[in-house]
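The values are calculated or read from the model by the stated rules, or taken from the named source; none is laboratory data. Remember, predicted model here, so these are calculated numbers, not experimental data. Neighbour counts run over all protein chains shown; Cβ positions are idealised from the backbone, glycine included. Only protein heavy atoms, including side chains, enter the accessible area calculation; ligands, DNA and RNA are left aside. Shrake-Rupley method; radii C 1.70, N 1.55, O 1.52, S 1.80 Å.
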Amino acid sequence: KPFWFKPSAQCPEPPPVVRSKQGESWPVYCNMVAAVGSTAATAVQAPVVGTLGRSSIVTWPPVVTTPSHARIAQAASESLCLPHGLAASSSVAAAAVALAALVGASRLRRRRSAALTLTSRVLRRQSGTASSTALMNMDEDTTPAPVWVINLDKSTDRWHKCSTGLASRGVDSVERFPATYGKELSEEELMEQATFGCRTFCTPGMIGCFLSHRRIWERVVAENQPAVVVLEDDAIVFPNFNSNLRGLLDELPEDWDVCLLGAVGCVARGREALHMKLFALGVGGWRASPGRTRSVSPRLFVPFKPAGTHAYIVSRQGAAKLLERLPRARYHVDLSAWSLQDLNLYAAKDFLATQDFDETSTVSKEGASRTQRFLRWCLELTGLAGITRATGAPLQWAWKVALFALPLPLSSSRPRRKVIVELGPASAVCVLICMMGLPLRSLKPVAVGLAYQGVLVFIMRWLVGTQSPRVLWFYVAAIGACLYIG
């Protein structure tokens with residue numbers, strides 16, 4: 001049956017509508033009309049049910065499949081009544097019209113597909129990532145999220161240095177956030193805001209740092225902030241901070257909670273080396289790889305075991321999740337928070353900020369270390385110093401990082417005095433104990449060293465909340481093997 005026809009005794013009924021395989025609801029000849037720029041399509045006994053651009057759409061049941069080019073040419077050659085007197089007098093003209101129809105239909109489908117894709121992206125952005133919405137509302141030269149800097153009231157020089165550095169990089173919307181001073185917390189406040197293990201084995205600086213970040217999360221949720229950049233007053237931002245941050249926000253998935261703008265620890269962009277995985281054994285809480293590599297986009301990756309809270313951006317849902325999972329201070333805030341397995345944590349491949357390691361840490365003992373001068377060689381000889389540098393932190397800074405603090409049993413002062421166990425001296429003592437097996441030609445000193453290290457790991461994992469029976473059995477098996485071999 002021809003698609004354009006005149007009623008006759010041989011053909012009293014209109015021909016069926018042709019639909020494409022994609023399920024489009026207009027006939028092929030309407031696409032032909034659209035291709036030649038007609039303003040209307042007329043057919044005998046055919047109702048008009050809609051419009052497509054400037055052309056009317058007509059439909060008849062039933063539905064058949066799309067005809068071939070030859071069928072369209074044959075139909076067009078049989079006395080077709082084209083709009084505005086246009087007639088196809090030969091098969092060549094019909095083929096040209098058919099080709100124009102197919103091209104027009106293809107272009108319309110592509111336009112519809114592109115429009116639907118753009119609409120879905122806009123709707124996803126509007127209903128999904130709040131930080132992306134804030135990003136679109138910002139100018140190119142402005143910081144796409146508020147920046148809150150944690151700073152103690154007494155550290156005015158650090159605030160001046162940090163604010164000056166941010167201003168020089170063009171970072172605006174900067175606000176100073178008063179930090180919690182751990183030494184000024186009363187016994188009642190400690191009982192309410194810190195766990196028993198934290199009150200017993202953590203320094204006042206560790207507790208104050210944890211509570212400062214927790215108050216940040218509380219404010220993010222209370223003010224319904226889409227996303228907030230959190231910096232500590234020893235953070236140093238790199239050039240092009242605003243544009244790089246905008247690019248990160250644009251690539252973050254909809255369910256992101258935290259994105260690290262700077263970090264130390266096991267943060268290799270590809271696969272983590274074996275010795276770095278052993279280094280992360282101390283506190284546990286490492287993160288599985290999302291695929292063959294840890295990369296998730298051109299700018300983002302999932303870190304293995306990061307540390308550091310000097311620069312990160314947190315979303316509202318991420319802040320709410322951190323508040324729910326960490327109701328009270330328990331250990332170092334970075335090791336506790338970034339160890340949560342249900343936290344959607346990402347990190348920038350090219351860090352936007354770093355830490356000023358020359359500044360005195362507020363969570364460790366102040367002043368120069370007395371033990372580093374004559375015990376540093378232990379770490380250099382065994383390669384532990386190189387592993388420490390691979391984390392991104394210099395040895396002289398990492399040496400004084402507090403693992404925990406042991407309360408003195410005979411201390412009568414309140415709060416009780418504590419002895420800080422630092423990373424450098426604790427590691428050096430373990431190495432010295434194991435090295436005693438060389439002159440003794442025995443593995444029993446190694447067993448003692450492993451037992452000493454196992455106690456340190458057990459205390460840290462208990463404080464973080466990452467206890468694992470497999471780690472316990474590993475140390476038991478290793479110690480037993482050393483004692484058995486002797």
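Restricting attention to segment 325-345, the residues that are surrounded by fewer than 18 Cβ atoms within 10 Å (Cβ to Cβ) and of a type in the set (S, T, N, Q) add up to 1. When the residues of segment 274-287 are filtered to those that are touching a Phe, Trp or Tyr at 6+ places or on another chain (Cβ under 9 Å) and not basic (Lys, Arg), the one that is most open to solvent (accessible area, probe 1.4 Å) is Trp286. Quick check on my filter: what residues within segment 175-210 are touching a Lys or Arg at 6+ places or on another chain (Cβ under 9 Å), within 28 Å of Trp462 (Cα to Cα) and among the hydrophobic types (A, V, I, L, M, F, W, C)? Ala179, Leu190, Met191, Ala194, Cys198, Phe201, Cys202, Ile207, Phe210, listed by residue number.
On the given criteria, is Phe374 surrounded by fewer than 20 Cβ atoms within 10 Å (Cβ to Cβ) and within 28 Å of Val267 (Cα to Cα)? No. Would you confirm whether or not segment 205-222 contains a residue that is closer than 23 Å to Tyr312 by Cα, under 23 Å from the mean Cα position of the chain (by Cα) and among the polar types (S, T, N, Q)? The answer is yes; a qualifying residue exists. Is it fair to say Val258 is open to solvent by 10 Å² or more (accessible area, probe 1.4 Å) and over 20 Å from Thr142 (Cβ atoms)? It is false that Val258 is open to solvent by 10 Å² or more (accessible area, probe 1.4 Å) and over 20 Å from Thr142 (Cβ atoms).
Let me confirm something: among Leu381, Leu406, Leu438, which residue is assigned to a strand (DSSP E or B) and open to solvent by 70 Å² or more (accessible area, probe 1.4 Å)?
Details: Leu381 fails: assigned to a strand (DSSP E or B); Leu438 fails: assigned to a strand (DSSP E or B).
The unique qualifying residue is Leu406.
Being part of a strand (DSSP E or B), surrounded by 21 or more Cβ atoms within 10 Å (Cβ to Cβ) and touching a residue at least 12 places away in the same chain (Cβ under 8 Å) is the requirement here; does Val228 meet it? Spelling it out, Val228 is indeed part of a strand (DSSP E or B), surrounded by 21 or more Cβ atoms within 10 Å (Cβ to Cβ) and touching a residue at least 12 places away in the same chain (Cβ under 8 Å).
Residues that are open to solvent by 50 Å² or more (accessible area, probe 1.4 Å), among the acidic types (Asp, Glu) and either touching an Asp or Glu at 6+ places or on another chain (Cβ under 8 Å) or within 20 Å of Leu343 (Cβ to Cβ) (or both) are absent from segment 186-204 altogether. Of the residues screened, Gly392 is not one that is modelled with pLDDT under 95, small (Gly, Ala, Ser) and part of a helix (DSSP H, G or I). Here are some conditions: (1) modelled with pLDDT of 95 or more; (2) surrounded by 15 or more Cβ atoms within 10 Å (Cβ to Cβ). Thr143 meets all but one. Which one does it not meet? Looking at each condition in turn, Thr143 falls short on (1).
Evaluation of Ala405 against the conditions (1) within 32 Å of the chain's Cα centre (by Cα); (2) among the small types (Gly, Ala, Ser); (3) at pLDDT 90 or above shows that the sole unmet condition is (1). Residues that are of a type in the set (S, T, N, Q), out of contact with any strand residue (DSSP E or B) (no Cβ under 8 Å at 6 or more places or on another chain) and in contact (Cβ under 8 Å) with a residue 40 or more places away in the chain number at least 1 in none of the strands (runs of 3 or more DSSP E) confined to segment 234-341. A single member of Ser173, Ser155, Ser127, Ser131 is closer than 23 Å to His310 by Cβ, open to solvent by 50 Å² or more (accessible area, probe 1.4 Å), small (Gly, Ala, Ser) and modelled with pLDDT under 95, and it is Ser173. When you scan segment 449-465, do you find a residue that is open to solvent by 70 Å² or more (accessible area, probe 1.4 Å), under 31 Å from the mean Cα position of the chain (by Cα) and in contact (Cβ under 8 Å) with a residue 24 or more places away in the chain, even just one? There is at least one residue in segment 449-465 that is open to solvent by 70 Å² or more (accessible area, probe 1.4 Å), under 31 Å from the mean Cα position of the chain (by Cα) and in contact (Cβ under 8 Å) with a residue 24 or more places away in the chain. Please indicate, with yes or no, whether at least one residue in segment 346-356 is within 21 Å of Cys202 (Cβ to Cβ), assigned to a loop (DSSP other than H, G, I, E, B), in contact with a Lys or Arg (Cβ under 9 Å, 6 or more places away or on another chain) and open to solvent by 10 Å² or more (accessible area, probe 1.4 Å). Taking every residue of segment 346-356 in turn, none turns out to be within 21 Å of Cys202 (Cβ to Cβ), assigned to a loop (DSSP other than H, G, I, E, B), in contact with a Lys or Arg (Cβ under 9 Å, 6 or more places away or on another chain) and open to solvent by 10 Å² or more (accessible area, probe 1.4 Å).
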